[in-house]
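Below is one structure, written out as structure tokens; comments come after it.
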Amino acid sequence: MQPKYKITMKEYHLSATMRVYAWDELSEEQQSLLRIAKDQTERSYCPYSGFHVGAAVLLGNGEVIRGCNQENAAYPSGLCAERVALFAAGAQYPEQPVTKLAIACYTDGHFTKEPGSPCGACRQVMLETEHRYGNKMEVLLYGEDAVYVFDSAADLLPLIFVSENLKG
Ligand code: THU
């Protein structure tokens, strides 16, 4: 039987850069977007999990679009804060690239010490948004102890699936 592949095994190490900041080290713009994401946790509809997630998206034209998680008695019908914000941005300003996305999580009476991390489905949507506009999106994850910053959503999801992959 012929071998299917004419390659030999190679090992690759995929890497990504995450920067960890104290609040005071962030720019005014970053702080302002994170404050909006924190405020948004108050509007979260999360009667089932009690886990409040707020998101704020900054667009190329300076507009800020807000999101928060929306749960449902039929659990899978709900949606994460990040996708609520990104889809609202796409619906309201389809021509505008997303330049920053900030997220904050609040549960048991306080913001989480460690930043919450976007779920896989949200990462996929963040990547499609970067790809769609050809523009990197800075991702800011709020934690009481530190803020994590990624220059691009691509740092959160290697080997992405995008429109080119559909062409085979
Ligand atoms: N959630 C988000 O809104 N964003 C994430 O990235 C992770 C999880 C929401 C979904 C659900 O309403 C609650 O947090 C608990 O999973």
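Brief remarks follow.
- Residues of region 27-76 that are within 12 Å of the ligand (Cβ to nearest atom) and under 14 Å from the mean Cα position of the chain (by Cα): Ala37, Val53, Gly54, Ala55, Gly67, Cys68, Asn69.
- Residues located in region 136-168, provided they are open to solvent by 50 Å² or more (accessible area, probe 1.4 Å) and part of a loop (DSSP other than H, G, I, E, B): Lys136, Glu144, Asp145, Asp151, Pro158, Leu159, Ile160, Phe161, Gly168
- Of all residues in region 1-47, those satisfying the criterion of being touching a Cys at 6+ places or on another chain (Cβ under 6 Å) and not in a loop (DSSP other than H, G, I, E, B) are Gln40, Arg43.
- In region 81-119, residue farthest from the ligand (Cβ to nearest atom) [restricted to those that are part of a loop (DSSP other than H, G, I, E, B) and open to solvent by less than 40 Å² (accessible area, probe 1.4 Å)]: Pro97
- Test: Gln124 is open to solvent by 50 Å² or more (accessible area, probe 1.4 Å) and under 10 Å from the mean Cα position of the chain (by Cα): yes
- Complete set of residues in region 95-137 that are over 26 Å from Cys46 (Cα atoms) and either small (Gly, Ala, Ser) or touching a Lys or Arg at 6+ places or on another chain (Cβ under 7 Å) (or both): Glu130, Gly134, Met137
The values are calculated or read from the model by the stated rules, or taken from the named source; none is laboratory data. The shown structure was predicted, so the numbers you read here are calculated from the model rather than taken from an experiment. Note that we place each Cβ from the backbone using ideal geometry, even for glycine, and neighbour counts take in every protein chain shown. For the accessible areas, the whole protein counts, side chains as well, though only heavy atoms, and no ligand, DNA or RNA atoms are used. Shrake-Rupley method; radii C 1.70, N 1.55, O 1.52, S 1.80 Å.
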